[in-house]
Amino acid sequence: MFRPIIRCAVLVFACMQLPALAAERPNILFIMSDDHTSQAVGAYATVLKPLDPTPTLDELAREGMVFDNAFCTNAICTPSRACIITGQYDHINGVFDLGGRITPENQMLPIQMRQAGYQTAIIGKWHLKEEPNFDYYKVLPGQGSYMDPVFRVQGPRPWPQNTVKHEGQHSSDAITDSTLEWFRTQRDPDKPFFVCHHFKAPHDFFENAPRYQSYLRDVEIPEPATLYDVPSSWGSLATRGYNNELRPHIGTSIGKRNPRRSYAVDLFRLYPEEFPADYDVQRLSEDETTKLAYQAYLKKYLRCVKGVDDNLRRLFDYLKAEGLYDNTLIIYTGDQGFWLGEKDFQDKRWAYDPSERMPLIVRYPPAIAAGTRSDAIVENVDFPALMLDYAGAAIPPSVQGRSFRQICETGREPEGWKQETYYRYWMHMAHHDNPGEMAIRTKTHKLIYFYGCDYQGQNQTPPGWELYDLVKDPDELVNVYDHPDYIEIRDQLKQRLADLRLRVGDDGSHYPQCEAVVQEFWDYDEADRAKAIEISHAFKARREAELAKRKP
């Protein structure tokens, strides 16, 4: 079997006449929410669709194009934002994890927009640590606070010393008030604008504005089919351990499956009022805690989503009143997906679709037909190229992404358009107990390689491979990596993954000790599998010893 040696870096259209390409450069409004997953957007939602969680966004979707195959390259906040601000994959821009930063001179997107004559502004979550290189900024420090948010602003003192506080406000309201204030007092009507409007919500731990506390209070939230269990056909040694011995320790949980971190404990600690008065995590079974924690989780999450959607209504109403709505390219997305209880997982990080997929809605009536969808594969690294293309701005050679304007305006993929995504999560077993992994996803299949080590090749979890047939199994429940009918496609995808790594520049030189582990288990022969079982046993013993030390 080939072992890669790393040496170097349905479209669904209504029968209608498509509008002509826009002659004038549009204003650009790039809206991004934090952890707003496609499962909680009405235009995408499945089990949550009857709740009508996002009427404003659904209207935006009806007026533009919805992308069904938009994906992030690393499902974690800071790396996703770094991809968008630079147009580069994380192993190129240097933001591998939450500790990364993008210096002002490397913030390609606002620099190119300014050079193209746009007035630039960013309001809300930033998360890239260095001073934003925008004409105007008002950004949250780090993750920021849900209530009484503080913002970093321009002023007489050096970054980040100038701050203002919105007492008594929820962040979603404060961010929208601040963007509207910019439009009313700062916007230069003689220039097109490029505005980034970035919500903190609905990021974990979902503190909603008080006015939404009664929303969904008496509603039973529909449950995903895999909330309580997943079939034995799902997963691998990497995600379940030998004979399921790592199920309590891989991936944080809704119920008390994961004894280190679960919403059954964490949400109850934060929001005991969302649980029954006699709630006792020790007394109740795992299924019982899962059911109660899921209801609390989804209600808090969807209350934050409603706050986002209602504030978007305010923003869009202003643009309409000022005659700006129809000559503005409006893009809505989340910084990645998020788990809403599927497979009893919380947070993001995994290469599976609930966290890799991003909601993406693009509206611009002069050039984009209303009520259209595309199944073209788009990555967040492509977003800045699209915006620069519409702005008539130069796209520097450093940008690895590609504009998908032709897809937006014609529904057709350009010659040579990408047919796969590249995904890599580097923060091995940090925060939410997710192994280090890389993946390739096409429209029909996904191949995930859990190499299972940190940057130094240490703290190993068992390596494993998973292959999913997304046509027959869109929920990724049957790992067919070892199925004889899939050997040919498996080997083809392994080769494509190796080639894709070279093409995007993930050449193994960034962390050679980690790359040594990647290479060691690439073939995954019988010796590799036997060693993976040993690693599973060792990690179980290590994790149980850590948990024992925590007990009083």
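Given the chain, what percent of its DSSP beta bridges are antiparallel, to the nearest 5?
Within the chain, antiparallel bridges account for around 55 percent of the total.
The H on the amide N of Thr163, modeled in the peptide plane, is under 5 Å from the matching H of Val153, each at least 5 residues off or on a different chain. Here the extension length gained between Arg550 and Asp287 equals 92.3 nm, from 0.36 nm per residue of separation less the Cα-Cα distance. If you find the alpha carbon centre of the range 280-324 and of the range 477-552, how far apart are they in angstrom? Their Cα centres are 35 Å away from one another.
Modelled this way, with points 7 Å down the Cα-to-C-beta line, the labels at Val219 and Arg260 are 3.5 nm from one another.
The calculated FRET efficiency for Ser509 paired with Asp148, based on their beta-carbon distance and R0 = 41 Å, is about 0.35. Among the trypsin sites (Lys or Arg not before Pro) in the range 213-272, those located in a DSSP loop and surrounded by at most 14 other Cβ atoms within 10 Å of their own Cβ are Arg217. Ranked for footprinting exposure by Cβ neighbours inside 10 Å, fewest first, Ser253, Ser536, Ser232 give Ser232, Ser536, Ser253. If you plug the beta carbon distance of Ile533 and Arg184 into 1/(1 + (r/R0)^6) with R0 = 60 Å, you get a FRET efficiency near 0.40. Annotation: extensible slack from Gln115 through Glu520 equals 141.1 nm (criterion: 0.36 nm per residue apart, minus Cα-Cα distance). Note: relative contact order over the range 422-550, using C-alpha pairs below 8 Å and six or more positions apart, is 21 percent.
Here Lys540 is the anchor, and the lysines within straight C-alpha reach of less than 26 Å, apart from those fewer than 8 places off in the same chain, are Lys256, Lys343, Lys348, Lys531, Lys549, Lys551.
Only helices enter this figure: runs of n ≥ 4 DSSP H residues, each worth -39500 (n - 2.57), summed and divided by the residues of the chain, yield -9000 deg cm²/dmol at 222 nm to the nearest 500. Annotation: amide H-H contacts under 5 Å for Trp126 (H modelled 1.01 Å from N, sequence separation of 5 or more, or interchain): Leu140. Counting neighbouring beta carbons within 10 Å and listing from fewest to most, the residues Tyr228, Tyr215 come out as Tyr215, Tyr228.
Legend: ranking of residues Ile175, Ile448 from fewest to most surrounding C-beta atoms inside 10 Å; resulting order Ile448, Ile175. The string of couplings for the range 373-381 from the Karplus curve (6.51, -1.76, 1.60, θ = phi - 60°) is 9, 9, 9, 4, 7, 10, 10, 4, 5 Hz, one whole number per residue in order, with x for Gly and Pro. Computed extension gain for Glu322 through Val478, at 0.36 nm per residue and net of the alpha carbon distance, reaches 51.0 nm.
Quick note: the coordinates plus some simple rules give every number you see, no bench work behind them. Source: prediction; values computed, not measured. So basically every Cβ, Gly included, is an ideal-geometry build from the backbone, and we count neighbours across all protein chains shown.
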